[in-house]
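Asker: Quick one: structure below, then a few questions.
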Amino acid sequence: MTLIVSSACSAASGRENGNEAGSSAEAIPAPSAAARPTASGSFESGGPSIHSPRPSAEGASEDATESPEPTGVYADISGSNATDPRRETPIPAHRRNGLPKGFVYADEAIPGLKLDIRYSTDYNFVGKPIDGYLAPLAILTKEAAEALKQVNEDLGKDGYALKIYDAYRPRKAVAEFVAWAADAKDTKMKEDFYPDVNKKDAFKLGYLAHKSGHSRGSTVDLTIVDKATGEDVDMGSPYDLFSPISSHGTEQITKEQSANRNRLKTAMEKRGFLSLNKEWWHYTLKKEPFPDTYFDFDIE
Ligand SMILES: C[C@@H](N)C(=O)N[C@H](C)C(=O)O
Ligand SMILES: [Zn+2]
């Protein structure tokens, strides 16, 4: 069991991946939205559920005085392993493993939520499922999930729903991103995800983080879908396009696309999330419960 503990990194939050809103766009041609295969993990949430425990936590702290150390006690164990009375069908076996204390499955906490967990599929900037993503699920801290539930309700009144691309991210996944960036020979997904960026610069340019807020469990990558059509709202650039066109405030997109990004941003900020200037899809809960703890348990 290993875990690293952060110290201050970025401006606004004191952590890498805090709010760095404010940088301006650079001029590049707008890439077309990437056509992609249907992600095997895409589905819509049916509402709250329960989990049973699993034997041990993989998260631990190097500095118990500074971070809330996972204790090996697991949260939300209101039933053992069978059927949630609120669901019509049994909880699938792969989802009965329980979670570290303080974490929940996002789709079970947020009715109507959609998931498209790219890092559990081949369609991401690496081009294969990423370490630690054993299932196409989104895991968040309870606080982040509760805030996101409110965002989803707010947007629902206007006919929209949230779709999550990534939530909690194990440190082993971040380590895979680091190795990927260092491997200059592998440019398999360049065209779709980093056409104008040298992958070795992805961290330096802020598109990836060595200590990602995602590993703290209260950071989420997401977009909005139209509930009536099920279609993604047009954000002007696809998810995980490492390019200036993905920045808030870019002048490379239309007014309508900009308004769509702002719809998401306004809704997220209203419920306590901070944006990341470089990536329109990335948000971190301001009052996150584990501000200094980087977890490494698998998503399953
Ligand atoms: C890789 C992208 N989805 C992302 O989350 N980037 C930020 C900067 C991160 O790695 O934390
Ligand atoms: Zn992100």
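Asker: Look at LYS287 and say whether it is within 16 Å of ligand 2 (Cβ to nearest atom), in contact (Cβ under 8 Å) with a residue 12 or more places away in the chain, surrounded by fewer than 23 Cβ atoms within 10 Å (Cβ to Cβ) and not in a strand (DSSP E or B). Spell out the reasoning first.
Answerer: Numbers: within 16 Å of ligand 2 (Cβ to nearest atom): no; in contact (Cβ under 8 Å) with a residue 12 or more places away in the chain: yes; surrounded by fewer than 23 Cβ atoms within 10 Å (Cβ to Cβ): yes; not in a strand (DSSP E or B): yes.
When the stated conditions are applied, LYS287 does not pass them.
Asker: Using the structure shown, decide if ASP240 is touching a residue at least 60 places away in the same chain (Cβ under 8 Å), within 11 Å of ligand 1 (Cβ to nearest atom), at positive phi and not basic (Lys, Arg).
Answerer: Values: touching a residue at least 60 places away in the same chain (Cβ under 8 Å): yes; within 11 Å of ligand 1 (Cβ to nearest atom): yes; at positive phi: yes; not basic (Lys, Arg): yes.
Yes; evaluated as a whole, the condition is true for this residue.
Asker: Residues being under 14 Å from PRO289 (Cβ atoms) and away from ligand 2 (no atom under 11 Å from the Cβ): count how many of those fall in segment 210-219. Spell out the reasoning first.
Answerer: As a first pass, look at segment 210-219 and keep what is under 14 Å from PRO289 (Cβ atoms): 213, 215-219.
Remaining after also requiring away from ligand 2 (no atom under 11 Å from the Cβ): 216-218.
Residues flagged as under 14 Å from PRO289 (Cβ atoms) and away from ligand 2 (no atom under 11 Å from the Cβ) within segment 210-219 amount to 3.
Asker: Additional query: Only one of these is under 19 Å from ALA138 (Cβ atoms) and modelled with pLDDT under 95: GLU279, GLU300. Name it.
Answerer: Working: GLU279 fails: modelled with pLDDT under 95.
When all the criteria are applied, what remains is GLU300.
Asker: Same structure, new question: So which pairs qualify, if the first residue must be in segment 210-223 and farther than 15 Å from ARG118 by Cβ and more than 9 Å from ligand 1 (Cβ to nearest atom), the second must be in a helix (DSSP H, G or I) and among the hydrophobic types (A, V, I, L, M, F, W, C), the Cβ gap must be under 7 Å, and the two must be at least 6 apart or on different chains?
Answerer: Listed pairs, sorted by first residue: GLY217/ALA144; SER218/ALA144.
Asker: Ok, one more. Could you check how many residues of segment 120-136 are among the hydrophobic types (A, V, I, L, M, F, W, C), buried (at least 22 other Cβ atoms within 10 Å of the Cβ) and in contact with a strand residue (DSSP E or B) (Cβ under 7 Å, 6 or more places away or on another chain)?
Answerer: Qualifying residue count for the region: 0.
Asker: Something else: Can you name the number of the only condition in (1) more than 15 Å from ligand 1 (Cβ to nearest atom); (2) farther than 21 Å from GLY132 by Cα; (3) in contact (Cβ under 8 Å) with a residue 12 or more places away in the chain that LYS278 fails?
Answerer: So the condition that LYS278 fails would be (1).
Asker: Let me ask something additional. Given segment 121-196, what helices (runs of 4 or more DSSP H) lie entirely inside it while holding 1 or more residues that are in contact with a helix residue (DSSP H, G or I) (Cβ under 9 Å, 6 or more places away or on another chain) and within 25 Å of PRO111 (Cβ to Cβ)? It would help to see each step written out before you state the result.
Answerer: Details: elements: 142-156, 171-182, 190-193.
Result: 142-156.
Asker: Restricting to segment 220-264, name every residue that is part of a helix (DSSP H, G or I) and away from ligand 2 (no atom under 16 Å from the Cβ). Talk me through it step by step, then tell me what you get.
Answerer: We begin by selecting, within segment 220-264, every residue part of a helix (DSSP H, G or I); these are 244-246, 255-264.
Across segment 220-264, the qualifying residues are PRO244, ILE245, LYS255, GLU256, GLN257, SER258, ALA259, ASN260, ASN262, ARG263.
Asker: Let me ask something else. With the condition kept exactly as written, say whether any residue in segment 254-273 is among the β-branched types (Val, Ile, Thr) and touching an Asp or Glu at 6+ places or on another chain (Cβ under 9 Å). Can you show your working first?
Answerer: Initially, segment 254-273 is screened for residues among the β-branched types (Val, Ile, Thr), giving 254, 266.
Filter once more, keeping what is touching an Asp or Glu at 6+ places or on another chain (Cβ under 9 Å): 254.
Looking for residues that are among the β-branched types (Val, Ile, Thr) and touching an Asp or Glu at 6+ places or on another chain (Cβ under 9 Å), one finds at least one in segment 254-273, hence yes.
The values are calculated or read from the model by the stated rules, or taken from the named source; none is laboratory data. For clarity, every value in this text was computed on a predicted model and none was experimentally measured. When we count neighbours, we look across all protein chains shown, and the Cβ atoms used for this are built from the backbone with ideal geometry, even at glycine.
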